[in-house]
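A quick write-up on the structure given underneath.
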Amino acid sequence: AAWLAQRLHLRKRRAAALPLLVLSGVGYQVSFALLSPQGLDSLSAPYANSWHAVYARQAALERPVSEIIRSYESDYAEEYYFAMTKPPGVILFYAWMERLAGWIDPAEGEAARLENLLGFITFVYPLLAMLPVLLLYRLGRMLSLKEEHALLPSIFWLCIPGVILMQLFLDQALYPFLFLAGALLAVQLCRRPSGWLALGLGVYLFSALFF
């Protein structure tokens, strides 16, 4: 897939090369699950059986998102000490995913909502984890990489074990994208100074810290 994407890129077919890498990355993640006797369930099992699943369980509760955020510290301070090392944006992101999953496939009851959420992110998070492929390519072009080398950072992204094997954790699905998006804005600001862009970058960085 990497060889074919590079060939397409060299032939000026970027519209096909980048989606091919994204789909290949998703395929790599799913392929490990298909090798397991549990099938796709093994894709979500490492997350669902970890302490970090508390975010998904809390997001599945029938509580307003604003209440979940306001009571974040008081709810998790004692029972889930590791949650105190993360900002409330983590559970906010899961709450958004749960609302989106419920909009697509409504479910009643906390257990059904949790199962619905886990099933939803099993398919969505692997795709989110591959979005940095697009940002890396754009960042490479902005940093004046040669045309024939511009796709290499995106190809290397698919070779990182933490990206392919760390399914359903935000360390894989969200944080790389947030970092690269900020880096992209920063490089653009250096290339073309703008007061509005500087303001936008500041707002973005402040918002990203919430997650």
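Filtering the range 52-106 to residues that are at pLDDT below 80, of a type in the set (G, A, S) and surrounded by 12 or more Cβ atoms within 10 Å (Cβ to Cβ) leaves S71, A83.
Taking helices (runs of 4 or more DSSP H) as the structural unit, those lying wholly within the range 127-200 and holding at least 3 residues that are crowded, with 20+ Cβ neighbours inside 10 Å, among the hydrophobic types (A, V, I, L, M, F, W, C) and touching a residue at least 12 places away in the same chain (Cβ under 8 Å) correspond to 132-142. Among the residues of the range 96-142, the one identified as farther than 19 Å from Q58 by Cα and among the hydroxyl-bearing types (S, T, Y) is Y137.
The values are calculated or read from the model by the stated rules, or taken from the named source; none is laboratory data. Everything numeric in this text was worked out from a predicted model, so none of it was measured. Quick reminder, even Gly has a Cβ in these numbers, built from the backbone with ideal geometry, and neighbours come from all protein chains shown.
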